[in-house]
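Take a look at the structure set out below.
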Amino acid sequence: ILTNVGIGGDSQFGGGANREYRARLALNMVDYEDRAEPSTATLDRLRNQLQGLPGTEIDFQQETQGPPTGPPVNIEISGPDFDRIMDISNEIKARLNEAASDGTIPGLVDITDDLNAGRPEVRVAVDRERAGQFGLSTQQIASTVRTAIQGSEASTYRDGDDEYDITVRLKEEDRRTLESLRNLEIRTPTGNQIPVMSVADLEESTGFGSITRLDEQRVVTVQGDAAPGYNDNAVLQQVRQLLDEPVRFARREGM
(Lines give C-alpha, C1' and ligand atoms only; values in the text may rest on other atoms or scores of the structure.)
Protein backbone atom coordinates (compact mmCIF):
# COMPACT_ATOMS: atom_id res chain seq x y z
CA ILE A 1 0.00 0.00 0.00
CA LEU A 2 1.41 3.38 -1.07
CA THR A 3 -0.20 6.59 0.19
CA ASN A 4 0.38 10.14 -1.09
CA VAL A 5 -1.30 13.09 0.64
CA GLY A 6 -1.40 16.58 -0.83
CA ILE A 7 -0.84 15.51 -4.43
CA GLY A 8 -0.93 17.98 -7.31
CA GLY A 9 -2.97 17.85 -10.50
CA ASP A 10 -5.55 15.28 -11.51
CA SER A 11 -3.52 12.76 -13.49
CA GLN A 12 -1.76 9.70 -12.18
CA PHE A 13 1.55 11.52 -12.67
CA GLY A 14 0.56 14.49 -10.48
CA GLY A 15 1.84 17.85 -11.65
CA GLY A 16 0.58 21.31 -10.83
CA ALA A 17 0.28 22.89 -7.41
CA ASN A 18 -0.07 20.66 -4.35
CA ARG A 19 -3.62 20.23 -3.08
CA GLU A 20 -3.84 19.42 0.62
CA TYR A 21 -7.36 18.06 0.25
CA ARG A 22 -6.36 15.39 -2.32
CA ALA A 23 -4.77 12.03 -1.62
CA ARG A 24 -3.97 8.88 -3.55
CA LEU A 25 -3.87 5.33 -2.19
CA ALA A 26 -2.29 2.67 -4.41
CA LEU A 27 -2.84 -1.03 -3.69
CA ASN A 28 -0.40 -3.56 -5.12
CA MET A 29 -2.14 -6.95 -5.26
CA VAL A 30 -0.43 -10.23 -4.40
CA ASP A 31 0.28 -12.67 -7.24
CA TYR A 32 -2.82 -13.87 -9.07
CA GLU A 33 -2.51 -17.48 -7.89
CA ASP A 34 -2.36 -16.31 -4.27
CA ARG A 35 -5.52 -14.16 -4.38
CA ALA A 36 -8.71 -15.23 -2.66
CA GLU A 37 -10.74 -13.37 -5.31
CA PRO A 38 -10.18 -11.53 -8.61
CA SER A 39 -8.91 -7.96 -8.37
CA THR A 40 -12.14 -6.71 -9.98
CA ALA A 41 -14.14 -8.28 -7.14
CA THR A 42 -11.85 -6.62 -4.57
CA LEU A 43 -12.31 -3.29 -6.32
CA ASP A 44 -16.11 -3.63 -6.31
CA ARG A 45 -16.10 -4.59 -2.63
CA LEU A 46 -14.00 -1.57 -1.66
CA ARG A 47 -16.19 0.72 -3.76
CA ASN A 48 -19.36 -0.56 -2.05
CA GLN A 49 -17.85 -0.24 1.43
CA LEU A 50 -16.56 3.31 0.93
CA GLN A 51 -19.42 4.69 -1.14
CA GLY A 52 -21.17 7.70 0.39
CA LEU A 53 -18.42 8.55 2.90
CA PRO A 54 -19.44 12.06 4.11
CA GLY A 55 -17.34 14.92 2.82
CA THR A 56 -15.42 12.85 0.27
CA GLU A 57 -15.37 11.96 -3.40
CA ILE A 58 -13.61 8.67 -4.11
CA ASP A 59 -12.52 7.54 -7.56
CA PHE A 60 -11.37 3.93 -8.09
CA GLN A 61 -9.06 3.18 -10.99
CA GLN A 62 -7.32 0.04 -12.18
CA GLU A 63 -3.80 0.28 -13.50
CA THR A 64 -3.79 0.43 -17.29
CA GLN A 65 -1.09 0.02 -19.89
CA GLY A 66 -0.18 3.01 -22.03
CA PRO A 67 -1.10 6.67 -21.53
CA PRO A 68 -4.17 7.54 -19.41
CA THR A 69 -7.35 8.00 -21.45
CA GLY A 70 -9.68 9.35 -18.78
CA PRO A 71 -13.18 8.14 -17.85
CA PRO A 72 -15.72 7.49 -20.66
CA VAL A 73 -18.25 10.00 -19.27
CA ASN A 74 -16.87 13.54 -19.46
CA ILE A 75 -19.45 16.35 -19.43
CA GLU A 76 -18.35 20.00 -19.61
CA ILE A 77 -20.76 22.76 -18.56
CA SER A 78 -19.61 26.29 -19.37
CA GLY A 79 -21.14 29.74 -19.73
CA PRO A 80 -21.12 33.32 -18.42
CA ASP A 81 -23.30 32.68 -15.34
CA PHE A 82 -21.26 30.58 -12.91
CA ASP A 83 -24.12 30.15 -10.42
CA ARG A 84 -26.19 28.63 -13.23
CA ILE A 85 -23.29 26.40 -14.20
CA MET A 86 -23.12 25.08 -10.63
CA ASP A 87 -26.88 24.45 -10.57
CA ILE A 88 -26.74 22.46 -13.81
CA SER A 89 -23.65 20.48 -12.79
CA ASN A 90 -25.24 19.59 -9.43
CA GLU A 91 -28.42 18.50 -11.22
CA ILE A 92 -26.44 16.32 -13.64
CA LYS A 93 -24.49 14.73 -10.78
CA ALA A 94 -27.69 14.04 -8.86
CA ARG A 95 -29.33 12.38 -11.87
CA LEU A 96 -26.27 10.28 -12.62
CA ASN A 97 -25.94 9.17 -8.99
CA GLU A 98 -29.62 8.23 -8.91
CA ALA A 99 -29.33 6.30 -12.19
CA ALA A 100 -26.25 4.48 -10.92
CA SER A 101 -27.79 3.55 -7.57
CA ASP A 102 -31.19 2.37 -8.85
CA GLY A 103 -29.74 0.39 -11.76
CA THR A 104 -31.06 2.60 -14.55
CA ILE A 105 -27.51 2.76 -15.91
CA PRO A 106 -25.75 -0.44 -14.80
CA GLY A 107 -21.98 -0.15 -14.64
CA LEU A 108 -21.88 3.63 -14.04
CA VAL A 109 -19.59 4.32 -11.07
CA ASP A 110 -17.32 6.96 -9.52
CA ILE A 111 -19.32 10.08 -10.44
CA THR A 112 -17.30 13.19 -9.59
CA ASP A 113 -16.81 16.80 -10.63
CA ASP A 114 -13.96 19.29 -10.48
CA LEU A 115 -15.98 21.91 -8.61
CA ASN A 116 -14.00 22.55 -5.43
CA ALA A 117 -16.39 25.03 -3.84
CA GLY A 118 -16.98 25.94 -0.23
CA ARG A 119 -13.44 25.39 0.99
CA PRO A 120 -12.54 27.47 4.07
CA GLU A 121 -9.95 30.17 3.52
CA VAL A 122 -8.53 33.27 5.13
CA ARG A 123 -8.75 36.38 2.97
CA VAL A 124 -6.07 39.01 3.42
CA ALA A 125 -7.10 42.55 2.44
CA VAL A 126 -3.86 44.55 2.34
CA ASP A 127 -3.90 48.29 2.99
CA ARG A 128 -1.43 49.17 0.25
CA GLU A 129 -0.83 52.69 1.50
CA ARG A 130 0.00 51.52 5.03
CA ALA A 131 2.09 48.63 3.71
CA GLY A 132 4.04 51.06 1.53
CA GLN A 133 4.79 53.24 4.53
CA PHE A 134 6.47 50.26 6.20
CA GLY A 135 8.21 49.19 3.00
CA LEU A 136 6.22 45.96 2.73
CA SER A 137 4.79 44.39 -0.43
CA THR A 138 1.49 42.54 -0.70
CA GLN A 139 3.44 39.37 -1.52
CA GLN A 140 5.45 39.60 1.72
CA ILE A 141 2.31 40.03 3.82
CA ALA A 142 0.40 37.24 2.11
CA SER A 143 3.42 34.93 2.30
CA THR A 144 3.74 35.54 6.05
CA VAL A 145 0.10 34.58 6.65
CA ARG A 146 0.35 31.56 4.34
CA THR A 147 3.49 30.30 6.06
CA ALA A 148 1.84 30.66 9.47
CA ILE A 149 -1.20 28.61 8.43
CA GLN A 150 0.00 26.19 5.79
CA GLY A 151 3.73 26.26 6.40
CA SER A 152 6.70 26.54 4.08
CA GLU A 153 9.50 24.16 3.27
CA ALA A 154 12.58 25.17 5.24
CA SER A 155 14.95 22.32 4.49
CA THR A 156 15.23 18.60 3.76
CA TYR A 157 16.07 15.80 6.19
CA ARG A 158 18.03 12.90 4.74
CA ASP A 159 18.05 9.43 6.25
CA GLY A 160 20.12 7.15 4.04
CA ASP A 161 18.49 7.16 0.62
CA ASP A 162 15.25 8.68 1.95
CA GLU A 163 14.48 12.40 1.97
CA TYR A 164 11.83 14.19 4.03
CA ASP A 165 10.71 17.80 3.63
CA ILE A 166 10.96 19.93 6.77
CA THR A 167 7.95 22.27 6.91
CA VAL A 168 7.81 25.18 9.36
CA ARG A 169 4.55 26.76 10.53
CA LEU A 170 2.88 28.03 13.69
CA LYS A 171 1.69 25.65 16.37
CA GLU A 172 -1.99 24.77 16.07
CA GLU A 173 -3.02 26.86 19.10
CA ASP A 174 -1.27 29.89 17.57
CA ARG A 175 -3.10 29.66 14.22
CA ARG A 176 -6.49 28.49 15.41
CA THR A 177 -8.19 31.91 15.55
CA LEU A 178 -8.20 35.01 13.38
CA GLU A 179 -7.17 37.09 16.37
CA SER A 180 -3.91 35.18 16.75
CA LEU A 181 -3.23 35.60 13.03
CA ARG A 182 -3.96 39.34 13.17
CA ASN A 183 -1.34 39.65 15.93
CA LEU A 184 1.19 37.71 13.87
CA GLU A 185 4.34 39.81 13.58
CA ILE A 186 6.01 40.61 10.29
CA ARG A 187 9.51 42.04 9.93
CA THR A 188 9.90 45.28 7.98
CA PRO A 189 12.96 46.14 5.85
CA THR A 190 14.23 48.37 8.69
CA GLY A 191 14.28 45.42 11.09
CA ASN A 192 11.22 46.40 13.12
CA GLN A 193 8.38 43.95 13.76
CA ILE A 194 4.75 44.98 13.43
CA PRO A 195 1.49 42.99 13.73
CA VAL A 196 -0.15 41.97 10.48
CA MET A 197 -3.31 43.85 11.42
CA SER A 198 -1.33 47.10 11.10
CA VAL A 199 -1.18 46.65 7.32
CA ALA A 200 -3.96 44.17 6.50
CA ASP A 201 -7.40 42.99 7.51
CA LEU A 202 -8.05 39.25 7.80
CA GLU A 203 -11.44 37.58 7.49
CA GLU A 204 -12.74 34.03 7.25
CA SER A 205 -14.43 33.07 4.01
CA THR A 206 -14.92 30.23 1.56
CA GLY A 207 -13.49 29.89 -1.89
CA PHE A 208 -12.74 27.54 -4.75
CA GLY A 209 -9.93 25.04 -4.60
CA SER A 210 -9.39 25.62 -8.32
CA ILE A 211 -11.04 27.50 -11.20
CA THR A 212 -11.08 26.11 -14.74
CA ARG A 213 -11.88 28.09 -17.87
CA LEU A 214 -12.79 27.08 -21.41
CA ASP A 215 -12.63 29.79 -24.11
CA GLU A 216 -12.33 32.41 -21.34
CA GLN A 217 -15.50 31.17 -19.60
CA ARG A 218 -15.67 29.15 -16.41
CA VAL A 219 -16.31 25.46 -16.87
CA VAL A 220 -17.26 22.59 -14.57
CA THR A 221 -16.58 19.01 -15.66
CA VAL A 222 -18.69 16.08 -14.44
CA GLN A 223 -17.12 12.65 -14.92
CA GLY A 224 -18.23 9.05 -14.52
CA ASP A 225 -16.50 5.73 -15.06
CA ALA A 226 -17.55 2.29 -16.24
CA ALA A 227 -17.17 -0.57 -13.78
CA PRO A 228 -15.00 -3.55 -14.80
CA GLY A 229 -16.86 -5.80 -17.22
CA TYR A 230 -19.01 -2.99 -18.66
CA ASN A 231 -18.52 -1.39 -22.06
CA ASP A 232 -17.43 2.25 -21.95
CA ASN A 233 -19.37 3.25 -25.06
CA ALA A 234 -22.55 1.53 -23.84
CA VAL A 235 -22.41 3.38 -20.51
CA LEU A 236 -21.74 6.69 -22.28
CA GLN A 237 -24.69 6.18 -24.64
CA GLN A 238 -27.05 5.53 -21.73
CA VAL A 239 -25.80 8.68 -20.00
CA ARG A 240 -26.48 10.69 -23.15
CA GLN A 241 -30.03 9.36 -23.30
CA LEU A 242 -30.61 10.15 -19.64
CA LEU A 243 -29.33 13.72 -19.96
CA ASP A 244 -31.00 14.50 -23.27
CA GLU A 245 -33.62 16.81 -21.70
CA PRO A 246 -31.19 18.65 -19.32
CA VAL A 247 -28.80 19.25 -22.23
CA ARG A 248 -31.55 20.85 -24.32
CA PHE A 249 -32.54 22.92 -21.27
CA ALA A 250 -28.96 24.12 -20.84
CA ARG A 251 -28.73 25.11 -24.48
CA ARG A 252 -31.97 27.08 -24.31
CA GLU A 253 -30.44 29.03 -21.45
CA GLY A 254 -27.44 29.83 -23.66
CA MET A 255 -24.91 27.71 -21.78
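The values are calculated or read from the model by the stated rules, or taken from the named source; none is laboratory data. Here the structure is a predicted model, which means the values were calculated and not measured. Neighbour counts run over all protein chains shown; Cβ positions are idealised from the backbone, glycine included. Calculation scope for accessible area: heavy atoms of the full protein, side chains included, ligands and nucleic acids excluded. Shrake-Rupley method; radii C 1.70, N 1.55, O 1.52, S 1.80 Å.
Counting the residues of the stretch 21-46 that are more than 24 Å from the chain's Cα centre (by Cα) and among the basic types (Lys, Arg) gives 2. Can residue 130 be described as part of a loop (DSSP other than H, G, I, E, B) and open to solvent by 80 Å² or more (accessible area, probe 1.4 Å)? No; evaluated as a whole, the condition is false for this residue.
Using the structure shown, decide if residue 20 is out of contact with any Leu (no Cβ under 9 Å at 6 or more places or on another chain), at pLDDT below 80 and not in a strand (DSSP E or B). It is true that residue 20 is out of contact with any Leu (no Cβ under 9 Å at 6 or more places or on another chain), at pLDDT below 80 and not in a strand (DSSP E or B). On inspection, residue 154 passes the criterion of being open to solvent by 50 Å² or more (accessible area, probe 1.4 Å), among the small types (Gly, Ala, Ser) and over 21 Å from residue 179 (Cα atoms).
Go through the stretch 112-154 and give me each residue that's closer than 30 Å to residue 224 by Cβ and not acidic (Asp, Glu). Matches in the stretch 112-154: 112, 115, 116, 117, 118, 119, 120. Could you list, in sequence order, all residues of the stretch 37-58 that are under 14 Å from residue 111 (Cβ atoms), in a loop (DSSP other than H, G, I, E, B), open to solvent by less than 90 Å² (accessible area, probe 1.4 Å) and not aliphatic (A, V, I, L, M)? Those that are under 14 Å from residue 111 (Cβ atoms), in a loop (DSSP other than H, G, I, E, B), open to solvent by less than 90 Å² (accessible area, probe 1.4 Å) and not aliphatic (A, V, I, L, M): 52, 56. Screening residue 189 on (1) open to solvent by less than 70 Å² (accessible area, probe 1.4 Å); (2) at pLDDT 90 or above shows it passes everything except condition (1). Taken together, 138, 144 contain a single residue that is of a type in the set (S, T, N, Q) and more than 18 Å from residue 205 (Cβ to Cβ), which is 144. As a summary of the residue check, residue 89 satisfies the conditions (1) among the hydroxyl-bearing types (Ser, Thr, Tyr); (2) farther than 17 Å from residue 226 by Cβ; (3) open to solvent by 70 Å² or more (accessible area, probe 1.4 Å) except for the one numbered (3). Being open to solvent by 70 Å² or more (accessible area, probe 1.4 Å) and not β-branched (Val, Ile, Thr) is the filter here, so list the residues in the stretch 161-179 that pass it. Hits for the stretch 161-179 are 161, 162, 163, 164, 165, 169, 171, 172, 173, 176, 179.
Would you confirm whether or not the stretch 155-169 contains a residue that is hydrophobic (A, V, I, L, M, F, W, C) and outside any strand (DSSP E or B)?
Just the residues of the stretch 155-169 that are hydrophobic (A, V, I, L, M, F, W, C), to begin with: 166, 168.
If we keep only those that are outside any strand (DSSP E or B) too, we end up with none.
Checked the stretch 155-169: no residue is hydrophobic (A, V, I, L, M, F, W, C) and outside any strand (DSSP E or B).
Might you let me know whether the stretch 94-106 holds any residue that is assigned to a loop (DSSP other than H, G, I, E, B), of a type in the set (Val, Ile, Thr) and open to solvent by less than 70 Å² (accessible area, probe 1.4 Å)? Yes, the stretch 94-106 contains at least one residue that is assigned to a loop (DSSP other than H, G, I, E, B), of a type in the set (Val, Ile, Thr) and open to solvent by less than 70 Å² (accessible area, probe 1.4 Å).
Per the listing 141, 149, the residue uniquely in contact (Cβ under 8 Å) with a residue 24 or more places away in the chain, within 23 Å of residue 168 (Cβ to Cβ) and open to solvent by 50 Å² or more (accessible area, probe 1.4 Å) is 149.
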